[in-house]
Amino acid sequence: MLTAEQAILAGMAVPLVGALLIPLARRVPNLREGITLVTAAALLACVLSLLPVVLSGARPGLVLFSLLPGLQIAFKVEPLGMLFALIASGLWIVNSLYSMGYMRSNKEANQTRFYVCFALAIASTMGIAFSSNLFTLFIFYEFLTLSTYPLVTHHGTEKARDGGRVYLGLLLSTSTVLLLPALVFIWYIAGTTDFTVGGILADKLGPTELALLLALCVFGIGKAALMPFHRWLPAAMVAPTPVSALLHAVAVVKAGVFSVVKVIVYVFGFDTLATAGAAHWLVAVAGFTIIAASVVALKANNLKRRLAYSTVSQLSYVIMAAALLAPLSLIGAVLHIAVHAVGKITLFFAAGAVYTASHKTEVSQLDGIGRRMPWTMGAFAIAALSMIGLPPAAGFISKWYMLSGAMATQHWLAVTVIVVSTLLNAGYFLPIIYRAFFVAPPADPHGHPHGEAPLLMVIALTTTAAGTVLLFFFPDVPLELARQMISP
């Protein structure tokens, strides 16, 4: 039985071991993918072993080494990091199953490199989840950007390389030009970058300086896709669908909003920001991003592009809810990280299944496809309900908490944004469901209508769709972790 400290190290080491073993089996695809699944299962076991410890109130951690006084490579598992690690490790297994069906069916090249980079990305994600301070988080944040770049450019086409340049350029420039100077300044004035309950900046800066420093941090965390630093996300849609699922659900964007929430709660502190009024601007910027991205999604005909802008919008729910600085809205923000992960991975799985079975990529091509792919589009419908915020999908719970927090603080701009964006969400998701199930499919010119995608893909997408419903009825674990974050 691993100790908590050993489980933390294993959480990062297991995916690295997998990344080393996968190339050794490159000539035996079944063994290569078996190693991927075993590695993913071992990681989930390590993470699950930490859950009872964290739920009991303990915060296990360890320090690897110190570079300078107050600047350490260190790890500690607190409630938000625990939830993020559970999401990433649990969805890695499902995404691996899906990838096996997708990569083989579409005869993708460089499959070994794909699985290796995926494992490296998960290792980086675990480092982010378990980071004890902003410096450690920054190091693994950069590793995650670099390890996912080959996945974005996987196809090797000019379009893929262009998308990869936007991806790498925006994420590296925001982190090095904005976040790194903020990190150095925080260390200089506070003497530490440790994530601390109540924050580390109380009485250190005036309201204007706090607001400027918060802006550097939030915009420097480009993975959160807050406008205007969001273009990397739709640009990265040139990648294979399993990579899109990784970007939108398992690792990258979740690392972004996770980092923003950690900074707001554990670096700045709720009371410090509320007293200074230094986060009001962030509510407005996040609200604008929610509405603007929803409008773009409403107009998009390409299915992956519509889902990409939906993600931009949904991420800013988390940022806006955290910036409200209300306990209820923070619970909603934490829940939405988990809810969006399970729902959005289902939507991308469904998009990839449609492409694999029919080679259709546009919303206008989806007439009647639900009659030929009922499992896929049924799962899509459930996940879409979650994104809209309708029961019995889990998105209803997180939006309810966010709306309650906005009303409790009488922040009517946030209330308006949530209501209007919910209507916009319905506007770009419900027509897809209507087309799929209630419009007759066009006649097949070859007389051979397609059916469902390969079984592994269908198993994966129905599993995550079921998870979206189960989270509605059994939200206890994420709710408890969210509450512990507020009242440690």
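The values are calculated or read from the model by the stated rules, or taken from the named source; none is laboratory data. Just so you know, these numbers come straight off a predicted model, no measurement behind them. Here Cβ is always computed from backbone atoms with ideal geometry, including for glycine, and neighbour counts include all displayed protein chains. For accessibility, only protein heavy atoms count, side chains too; no ligands or nucleic acids. Shrake-Rupley method; radii C 1.70, N 1.55, O 1.52, S 1.80 Å.
Some points to look at:
- Packing rank of 226-236, 429-439, 379-389, where each peptide gets the mean count of other beta carbons within 10 Å, highest leading: 379-389, 226-236, 429-439
- Other residues with beta-carbon under 10 Å from the beta-carbon of His154 carry, at +1 per Lys or Arg and -1 per Asp or Glu, a net charge of 0.
- Area accessible to solvent at Ser56, 1.4 Å probe radius, in Å²: 90 Å²
- Taking the centroid of alpha carbons for each part, the range 261-324 and the range 331-365 are 20 Å apart.
- Filter on Lys76/Lys107; Lys159/Lys299; Lys76/Lys304; Lys159/Lys223 - keep pairs with C-alpha separation over 31 Å: Lys76/Lys107; Lys76/Lys304
- Cα-based shape type of the range 40-124, given that a ≥ b ≥ c are square roots of the gyration tensor eigenvalues and the cut on a/c is 1.5: oblate
- For the range 162-287, the orientation-averaged shadow of the C-alpha convex hull comes to 7.7 nm² (one quarter of the hull surface).
- Alpha-carbon Rg with Dmax, taken over the range 1-278, Å: 19.0, 61
- A simple count of charges around Val334, restricted to other residues whose Cβ falls under 15 Å of its Cβ and scoring Lys, Arg +1 and Asp, Glu -1, yields +1.
- The heavy atoms of Ile93 present about 40 square angstrom of accessible area, all protein chains included, probe 1.4 Å.
- Gyration tensor verdict on the range 290-488 (Cα atoms; rounded if a/c is under 1.5, prolate if a/b is larger than b/c, oblate otherwise): prolate
- C-alpha long axis of helix 252-262 to longest principal axis of the chain, angle in °: 20 degrees
- Summed over qualifying helices (DSSP H, 4 residues or more, each -39500 (n - 2.57)) and divided by its residue number, the chain shows a 222 nm mean residue ellipticity of -23500 deg cm²/dmol.
- 0 to 90° range, to nearest 10: angle between helix 476-486 axis and the chain longest Cα axis: 30 degrees
- The heavy atoms of Trp412 offer some 140 square angstrom of accessible surface to a 1.4 angstrom probe.
- Axis of helix 207-220 versus longest Cα principal axis of the chain: the two differ by about 30°, to the nearest ten degrees.
- Note on Ala443 and Ala45: their simple-model spin labels are 5.7 nm apart, each label 7 Å out from Cα toward Cβ.
- Ranking by accessible area, most exposed first, for Asp367, Asp162, Asp271 with a 1.4 Å probe: Asp271, Asp162, Asp367
- Inter-part distance where the range 1-68 and the range 380-402 are each reduced to a Cα centre, Å: 31 Å
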